[in-house]
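This report refers to the structure that appears directly beneath it.
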Amino acid sequence: MPRIRLERGPVVCEQGVLATTAWTRSKGLLGRSSMAEDEGLWIQPTSSIHMWFMRFAIDVVWAADDGRVLKLVEGFKPWRMSFCRGAKVALELPVGAIARSGVAVGDYLVIER
């Protein structure tokens with residue numbers, strides 16, 4: 001599993017899962033009851049996500065193709081939708097991960113394999 005960090009150093013998640021096929025993108029986190037504190041789901045390509053049938057809230061980092069962070073959504077609750085104009089990546093994280101990692105709009109995400 002790849003690690004996802006900020007270009008400037010801090011780790012966003014240690015256990016990244018890449019959802020880059022139609023099947024893995026559509027399945028996402030459905031059917032799960034939680035995420036581990038060091039886990040993240042990198043969904044690409046996408047500019048919108050939904051939380052229908054989800055059982056827990058998440059943090060979402062929206063990014064462009066080059067990894068530049070465009071938008072942050074903290075505590076995104078079940079039964080909601082979110083989108084980001086110009087985004088190609090949604091990084092889904094456990095609640096609190098945005099605050100813990102210090103990610104900010106304008107940062108760059110890096111995948112370390």
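Annotations
- Residues being closer than 18 Å to GLU37 by Cβ, part of a strand (DSSP E or B) and in contact (Cβ under 8 Å) with a residue 40 or more places away in the chain - total across the range 74-108: 4
- Any hit, the range 57-72, residues being at positive phi, in contact with a Pro (Cβ under 8 Å, 6 or more places away or on another chain) and not charged (D, E, K, R): no
Yes/no matrix, rows are residues, columns are (1) under 17 Å from ASP66 (Cα atoms); (2) modelled with pLDDT of 95 or more; (3) polar (S, T, N, Q):
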| site | (1), (2), (3) |
| --- | --- |
| LEU6 | yes, yes, no |
| VAL11 | no, yes, no |
| GLU14 | no, yes, no |
| LEU18 | yes, yes, no |
| THR21 | no, yes, yes |
| LYS27 | no, no, no |
| MET35 | no, yes, no |
| GLY40 | no, yes, no |
| THR46 | yes, yes, yes |
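- Taking each residue of the range 46-66 that is closer than 18 Å to ALA97 by Cβ and looking for partners that are modelled with pLDDT of 95 or more and of a type in the set (D, E, K, R) with beta-carbon atoms closer than 6 Å, six or more apart or interchain, yields MET51/ARG80; ALA57/LYS77; ILE58/GLU92; ASP59/GLU74; VAL60/GLU92; TRP62/LYS71.
The values are calculated or read from the model by the stated rules, or taken from the named source; none is laboratory data. Because the structure is a prediction, the values reported are computed rather than measured. Quick reminder, even Gly has a Cβ in these numbers, built from the backbone with ideal geometry, and neighbours come from all protein chains shown.
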